[in-house]
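Participant: What follows is a structure written as structure tokens; I'll ask about it next.
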Amino acid sequence: MRKMLRNDQWERIEHLLLGKASDPGATAKDNRLFLEAVLWIARTGAPWRDLPPPLGNWHNTYTRFSRWGKTGVWQRLIKAVSDDPDLAALFIDSSVVRAHQHAAGAQKKRARRRSRGGLSTKIHATVDALGNPLRCFLTGGEAADIKQAEALIEGLPTQAVVADKAYDADAFIARIAAQGAAAVIPPMAHRKEQRSYDRHLYKDRNLVERVFNRIKQFRRIATRYEKLARNYF
């Protein structure tokens with residue numbers, strides 16, 4: 001079975017995981033195998049019960065995966081490997097993900113995931129000038145892009161915020177200016193006064209689209225099977 005993690009990737013994150021020799025309790029000698037199992041599930045989109053036996057017991061793997069989500073391990077891991085961003089410019093966008101019927105049925109504590117196209121989730125993302133993801137948020141698929149716009153850039157010092165027309169709102173543009181950055185956002189056609197923007201920099205907006213294309217190579221991201229937003233996130 002092909003390995004999902006290269007040795008250099010594993011060495012970069014090994015010390016960040018639970019169960020190190022310096023941690024209280026039992027040492028988790030199978031952390032790498034566990035990560036391989038989670039990545040295999042994410043890549044293939046297979047049900048947890050179909051996890052190949054060489055990658056471990058499916059129920060134990062799922063339980064551990066869910067527990068790491070509850071305790072914030074995955075979030076800390078993502079933050080740790082995003083520690084050297086290029087903030088010369090920020091690129092923001094969103095992408096809709098269709099939810100499988102298996103994703104329905106969980107207790108709904110937040111917004112619905114049903115849009116005109118059916119059950120769906122929307123991923124909102126911020127990408128740095130090198131094309132590396134910095135922030136992600138989840139909403140229901142019916143949510144407007146602009147609703148998460150300020151949260152995507154809050155507290156990130158940058159020279160420019162690049163986004164498509166869906167983010168052309170006076171309040172958001174004022175927020176960008178308040179952070180000392182330029183809004184590289186094409187104006188809506190119905191605006192009486194058409195704002196100018198850096199058309200050359202706007203061509204690099206494909207950086208955020210590439211991030212969505214990369215993560216959707218993992219089928220469990222391209223289609224939402226998870227009932228819980230925490231586990232899907």
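The values are calculated or read from the model by the stated rules, or taken from the named source; none is laboratory data. Please read these numbers as outputs of a predicted model, since none were measured by experiment. In this analysis, Cβ positions are derived from the backbone assuming ideal geometry, glycine residues included, and neighbour counts consider all displayed protein chains. All accessible areas refer to the heavy atoms of the entire protein, side chains included, with ligands and DNA or RNA removed. Shrake-Rupley method; radii C 1.70, N 1.55, O 1.52, S 1.80 Å.
Participant: I'd like the orientation of helix 206-215 relative to the chain: the angle between its Cα long axis and the longest Cα principal axis, in ° from 0 to 90, rounded to 10.
Facilitator: Computed tilt is about 20 degrees.
Participant: If r is the Cβ-Cβ distance from K203 to L87 and R0 is 25 Å, what FRET efficiency results, to the nearest 0.05?
Facilitator: Taking R0 as 25 Å, the efficiency between K203 and L87 is 0.85.
Participant: Relative to the Cα centre, what is the charge dipole magnitude of the chain, using +1 at the beta carbon of each Lys and Arg, -1 at the beta carbon of each Asp and Glu, and rounding to the nearest 20 debye?
Facilitator: For this selection, approximately 1180 debye.
Participant: Ordered by residue, what ³J(HN,Hα) values in Hz, to whole numbers, does the stretch 182-188 give under the Karplus form 6.51 cos²θ - 1.76 cosθ + 1.60, where θ = phi - 60° and Gly and Pro are x?
Facilitator: Per-residue couplings from phi come out as 9, 8, 9, 9, x, x, 4 Hz.
Participant: For the chain, what does the helix formula give at 222 nm: sum of -39500 (n - 2.57) over DSSP H segments with n ≥ 4, over the residue count, nearest 500 deg cm²/dmol?
Facilitator: Computed ellipticity for the chain at 222 nm equals -9000 deg cm²/dmol.
Participant: Could you tell me the relative contact order of the chain? Use alpha-carbon pairs under 8 Å, at least six residues apart, and round to a whole percent.
Facilitator: In percent, rounded to a whole number, it is 21.
Participant: For helix 58-70, what angle does its Cα long axis make with the longest principal axis of the chain, in degrees from 0 to 90 and rounded to 10?
Facilitator: Relative to the chain, helix 58-70 is tipped by roughly 40 degrees.
Participant: Quick check: with the 1.4 Å probe, what order do T44, T139, T71 take by accessible area, largest first?
Facilitator: My answer, sorted largest first, is T71, T44, T139.
Participant: Another one. Mind giving me the FRET efficiency for E142 and M188? R0 is 25 Å, r the Cβ-Cβ distance, nearest 0.05 is fine.
Facilitator: Details: r = 21 Å, r/R0 = 0.82.
Computed FRET efficiency for E142 and M188: 0.75.
Participant: On to the next question. Roughly how many Å² of K203 are accessible to a 1.4 Å probe, to the nearest 10?
Facilitator: Approximately 140 Å² for this residue.
Participant: Starting from the amide H of G45, placed 1.01 Å from N in the peptide plane, find each other amide H under 5 Å away whose residue is 5 or more places distant or on another chain.
Facilitator: Excluding prolines and chain starts, which carry no amide H, the hits are R219, R220.
Participant: Which of K147/K216; K122/K192; K165/K227; K79/K203; K3/K122; K79/K216 have a Cα-Cα distance over 26 Å?
Facilitator: The pairs that break the limit, which is 26 Å between Cα atoms, are K122/K192; K165/K227; K79/K203; K3/K122.
Participant: Which aspartates and glutamates have a Cα less than 16 Å from the Cα of K70, not counting those fewer than 8 places away in the same chain?
Facilitator: E226
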